[in-house]
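Input: a single structure, listed below in structure tokens.
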Amino acid sequence: MRVELNVPGSVTEPLMWVKDQAVLATALRPGCIEVGLRRSEMVRLTFDAGEMSLVPRHLEKWFRNEDLHSLCITISDAALTAASDGRGVEVELRKMDNLVDARLSALVAAVNAERIAGFPSGKLFLDSVEQALAVALVDGYAVRHHSAQTHRGGLGSARLRRIKEFVDAKMEDELTLCEMARSVELTTAHFARMFRKSTGETPHQFVLRNRIERAKEMLRAAEPRVLDVAVACGFKTQQHFARVFRRMCGACPTEYRQEFLQYRATSARKTCPHAMLFAGEL
């Protein structure tokens, strides 16, 4: 668990916030922040003291901190997985703004008191609070909470891992349901039913999401052509790739690359440590 204090003026111009883990941000006093999927389309959010934002992992947004004092607590994937009965399935949290939750607030208050005191209780205390936060988040705000009943008869963690490895290895190819089922030694019909029961997604949705995640990684470099990215991620045409990418990410591939590279160039010029902290770079 990482604990970061963000103060007004730490970000005076729009920056892209890229997080690889879930974050729970709590306003320590009333204030505002501007956020948006694109720098040209930002909106102002106002928070009262104690109101929270739940930011899922891999969320990418532009933001500007106007006058908000906030405490950001990063929750590890391992803690969220353990909170979902430790079954090895990724936990996806909902995006929430102006969240009020007494259970979460009490845990955040304990972390803030520990921070103010200089963290005298050590890592064990923070690990314990992180686990309690993870349980509360999975119980109340998971998109897919894999209970024991949901998993009964579904695919086991080993088979789910094999599917992920198979999809990653065959990213450029035109995958079929039959191939995916055969990779875990199941019939097509049984595999499709059990896969959705285990993940909350159809195999097609799962493959598409993984292809877009791979595309985003490739687009963060300036060298590959968008067409080459599309082909490498299994899309037959650049037009289809652009259409799916915009639907899932809120921007076309070229816009995503331009904004990310501009964010990286801006970050490299930054000298304010608070700005880098808020951007999740330290």
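The values are calculated or read from the model by the stated rules, or taken from the named source; none is laboratory data. Note that the structure is predicted; figures quoted are calculated from it, not measured. Cβ: placed from backbone, ideal geometry, glycine included. Neighbour counts: every protein chain shown. In case anyone asks, the SASA skips ligands and DNA or RNA and just uses the protein heavy atoms, side chains included. Shrake-Rupley method; radii C 1.70, N 1.55, O 1.52, S 1.80 Å.
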Exercise. Identify, by number, the condition in (1) open to solvent by 60 Å² or more (accessible area, probe 1.4 Å); (2) outside any loop (DSSP other than H, G, I, E, B) that VAL35 doesn't meet.
Key: (1)
Practice problem: Could you please tell me which pairs satisfy a Cβ distance under 7 Å, a separation of 6+ or placement on different chains, a first residue in the range 94-110 that is free of Cβ contacts under 8 Å to residues at least 24 places away in the same chain, and a second residue that is assigned to a helix (DSSP H, G or I)? | Solution: ALA110/VAL129
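Please go through the range 196-211 and pick out each residue that is among the polar types (S, T, N, Q) and open to solvent by 60 Å² or more (accessible area, probe 1.4 Å).
Narrowing the range 196-211 to residues among the polar types (S, T, N, Q): 198-199, 202, 205, 210.
Answer for the range 196-211, where residues must be among the polar types (S, T, N, Q) and open to solvent by 60 Å² or more (accessible area, probe 1.4 Å): just GLN205.
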Practice problem: Might you check whether a residue that is assigned to a helix (DSSP H, G or I) and over 30 Å from VAL135 (Cβ atoms) occurs anywhere in the range 149-156? | Solution: no
Quiz prompt | 1 or more residues open to solvent by 10 Å² or more (accessible area, probe 1.4 Å) and modelled with pLDDT of 85 or more: qualifying strands (runs of 3 or more DSSP E) within the range 58-137 | solution = 96-99
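Does LEU227 satisfy being in contact with a helix residue (DSSP H, G or I) (Cβ under 7 Å, 6 or more places away or on another chain), modelled with pLDDT of 90 or more and surrounded by fewer than 19 Cβ atoms within 10 Å (Cβ to Cβ)?
Numbers: in contact with a helix residue (DSSP H, G or I) (Cβ under 7 Å, 6 or more places away or on another chain): yes; modelled with pLDDT of 90 or more: yes; surrounded by fewer than 19 Cβ atoms within 10 Å (Cβ to Cβ): yes.
Against the criterion (in contact with a helix residue (DSSP H, G or I) (Cβ under 7 Å, 6 or more places away or on another chain), modelled with pLDDT of 90 or more and surrounded by fewer than 19 Cβ atoms within 10 Å (Cβ to Cβ)), LEU227 qualifies.
Against the definition (farther than 16 Å from ARG247 by Cβ and in a loop (DSSP other than H, G, I, E, B)), how does ALA192 come out, yes or no? First the steps, then the outcome.
Details: farther than 16 Å from ARG247 by Cβ: yes; in a loop (DSSP other than H, G, I, E, B): no.
In short, no.
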Exercise. Specify which of the listed residues (GLU51, GLU34, GLU13) is among the acidic types (Asp, Glu) and either modelled with pLDDT of 90 or more or under 18 Å from CYS249 (Cα atoms) (or both).
Key: GLU51
Practice problem: Within the range 171-203, work out how many residues are without any contact (Cβ under 8 Å) to a residue 12 or more places away in the chain and within 24 Å of the chain's Cα centre (by Cα). | Solution: 3
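Just checking, which of ARG264, ARG214, ARG193, ARG159 is open to solvent by 40 Å² or more (accessible area, probe 1.4 Å) and under 24 Å from SER40 (Cα atoms)?
Sole residue among the options that is open to solvent by 40 Å² or more (accessible area, probe 1.4 Å) and under 24 Å from SER40 (Cα atoms): ARG264.
Go through the range 162-182 and give me each residue that's open to solvent by 30 Å² or more (accessible area, probe 1.4 Å), under 21 Å from ARG214 (Cα atoms), in a helix (DSSP H, G or I) and not charged (D, E, K, R). Working first, answer last.
Just the residues of the range 162-182 that are open to solvent by 30 Å² or more (accessible area, probe 1.4 Å), to begin with: 162, 164-166, 168-170, 172-179, 182.
Subsequent filtering for residues that are under 21 Å from ARG214 (Cα atoms) retains 162, 164-166, 168-170, 172-177, 179.
Subsequent filtering for residues that are in a helix (DSSP H, G or I) retains 162, 164-166, 168-169, 177, 179.
Passing the criteria: PHE166, ALA169, LEU177.
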Quiz item: From the list ARG193, ARG243, which one is of a type in the set (D, E, K, R) and at pLDDT below 85?
Solution: ARG193
Exercise. Return the pairs, sorted by first residue and then second, in which the second residue is surrounded by fewer than 20 Cβ atoms within 10 Å (Cβ to Cβ) and among the basic types (Lys, Arg), the first residue lies in the range 224-243 and is at negative phi, the beta carbons are less than 8 Å apart, and the residues are 6+ apart or on different chains.
Key: ALA232/ARG214; CYS233/ARG214
Quiz item: What single numbered condition from (1) part of a loop (DSSP other than H, G, I, E, B); (2) closer than 25 Å to ARG182 by Cβ; (3) without any contact (Cβ under 8 Å) to a residue 40 or more places away in the chain; (4) of a type outside the set (Val, Ile, Thr) fails to hold for ARG209?
Solution: (1)
